[in-house]
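Reading through the structure tokens given below for one structure.
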Amino acid sequence: MTILATRNLGKRYGSKVGVEDVNLNVEPATIFGFLGPNGAGKTTAIRLLLGFLRPTSGEARILGRDCWRESHRIKRDVGYLAGDVRLYPWLTVRRALPILEGARRQALTSAGMALAERFQLDPDKTVRKMSRGMRQKLGLILALAHESKLIVLDEPTSGLDPLMQLSLADLLRERAANGSTIFFSSHTLNEVEQLCDRVAIVRDGHIVTDEPLDDLRRRARRRVEVRFQTEEAASTIVPPTHLDIVRRDKDRWYAEFDGEAGPLTGWLGTQPVRDFLIGPPDLETIFRAFYRNKDGSS
Amino acid sequence: MRGVLLKIVRETWLGTLLFSVALLLVEVMLTLVLPQILDQMDVMLERMPFMRDFVAALLGIDIEGEITAQLMQAFVWVHPTVMTLLWANETMFCTRFPAGEIDRGTIDVLLALPVSRRTIYLCETIGWLAGGALMIGAGAIGYTIGSQMMPLENRPEFGLVLRILFNLYCVYFAVGGVTFLISSLSERRGRAVFTVFAIVVASFLANFLAQFWSPAQSLAFVSVLEYYQPASILRTGSLASGDVAVLLLVGGLTWLAGCEITARRNICTT
């Protein structure tokens, strides 16, 4: 069963496109990365999923329910952290939990306090005295205190220090291992690459790709640096067809290639090579290509 | 629903309590100074006949002959300070959701809860109505305390006071309903408050001017105070059911419209 599905989902503001023809299918217990530059339409798509905005075309469903019409029913099984979370100035962890319990009709105090301890957040500190990172932690506690089938996080690491980002990543992996689905929106490739099973990239309100990260890795180019025994060898040897030379510099080649490394290492073994270095799949290049606008600008 | 009510109580109890205490004190003071005003009223009206029009305008009735001590009790319930306190708290309350929540960006947290927008609206309504009952109740207590200093024959009977309080609560309901509607159409709380303030001031002026400026009389029906008649209740002993019906209808329809708009509108905080 698909946890989250959208069909030709669109939101227009007059002539301006928020998002258009968004088709997503998110499977259970996966960590789904939703990647795109600022202003690409990530938050608009999330607000459509949460029922804050009414779609102008298409539909979105979570757990089989319509996201606009049955929004409040869906939220029983959804935890949500807004991007740039803003909270009530008087709120503390200890004051928030009874409100959360009353609204969700679940005992959440112990789970919430455990999260506060994990995030090292003082449960009695009010929002007005909190730093940006602390507010983010409180927002995460509100989103994660209950056991939910789907957790929607809009740029959840903003404001968190690197250690806390790792702690959050561990927590999300645990939740996914326990069956929760994570919808993780970000504009940072690195955190999506480390955490997610699948990624959709959004640009100018459109989904430009939606595929497993492993598939992207397979498609991604790798960088190679080859050092020949002599400068003459470096200048006369003809490279194999699958290797694109980016630059030659004295006895070295700086090149890129697609696919598996085996054929290349076999070929290099037959050449007068002193040393070579093959890098990991370069997802950044592939993502940059997706980010790039039609006119070639980033 | 319990969680949302808990949040509303936490956010509003202090403001409502302070406004209620203020209203109580104002009622005590107004009721205490009333006999002194009464003593000088007849002399003042003789010297300055135009004052009769002003008094009539404030009370919302035509004054023929002597202004009785009992009729003057209406001042306590139409005094601008009383109305200002009541409407100020009401305006702050009824613009909290959705305008206030959108304005400060906290609506994302609120709507992340498994509670429908209509339920949140209903919870805010419960808080608003309870707050109004508390404030008007505090005003009534203040009036009761103050009137202990009044000669017994000048005190209106309790039933008349209850009718005035009910009429006042209907005014509170009508103004609140309109405020909820304006809030449902707004994304900035300040703008919503200003709009309500402008409507209320215009309403007050329309009612006041209509008493002694004939061109304004044709517009008097749009004023909420046209349907609030404590002086008339004290004079006739009865509460005009037509006034109550208009106030409840205006309040009810605008409240309902606000509820539906809130439930169906796009919520965008960025």
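The values are calculated or read from the model by the stated rules, or taken from the named source; none is laboratory data. Given the structure is predicted, the values throughout are model-derived calculations rather than measurements. Counting neighbours? That spans all protein chains shown, and the Cβs are built from the backbone with ideal geometry, glycine included.
Every test in (1) free of Cβ contacts under 8 Å to residues at least 24 places away in the same chain; (2) assigned to a loop (DSSP other than H, G, I, E, B); (3) not small (Gly, Ala, Ser) is passed by residue A:190 save one, and that test is (2).
Looking across the stretch A:99-119 at every residue that is under 30 Å from residue A:4 (Cβ atoms) and out of contact with any Lys or Arg (no Cβ under 9 Å at 6 or more places or on another chain), the one that is nearest to the other protein chains (Cβ to nearest Cβ) is identified as A:100. Consider the stretch A:1-23 and keep the residues that are outside any strand (DSSP E or B) and closer than 24 Å to residue A:77 by Cβ. The one that is modelled with the lowest pLDDT is A:1. Filtering the stretch A:278-291 for residues that are at pLDDT 85 or above, hydrophobic (A, V, I, L, M, F, W, C) and more than 26 Å from residue A:193 (Cβ to Cβ) leaves an empty set.
Listed conditions (1) more than 22 Å from residue A:184 (Cα to Cα); (2) in contact with a Lys or Arg (Cβ under 8 Å, 6 or more places away or on another chain); (3) more than 14 Å from every other protein chain (Cβ to nearest Cβ) are all met by residue A:20, apart from (1). Considering only residues in the stretch A:144-173 that are touching a residue at least 60 places away in the same chain (Cβ under 8 Å) and in a helix (DSSP H, G or I), the one that is farthest from the chain's Cα centre (by Cα) turns out to be A:144.
Scanning the stretch A:174-187 for residues that are surrounded by fewer than 20 Cβ atoms within 10 Å (Cβ to Cβ) and in a loop (DSSP other than H, G, I, E, B) turns up A:178, A:179, A:187. All conditions but one from (1) crowded, with 20+ Cβ neighbours inside 10 Å; (2) of a type outside the set (Lys, Arg); (3) away from chain B (no Cβ under 13 Å); (4) not in a helix (DSSP H, G or I) apply to residue A:122; the one that does not is (1). Within the stretch B:219-270, the residues that satisfy the criterion of being in a helix (DSSP H, G or I) and within 14 Å of chain A (Cβ to nearest Cβ) are B:260, B:261, B:262, B:263, B:264. Once the stretch B:104-117 is narrowed to residues that are assigned to a helix (DSSP H, G or I) and closer than 16 Å to residue A:67 by Cα, the residue that is farthest from the other protein chains (Cβ to nearest Cβ) is B:117.
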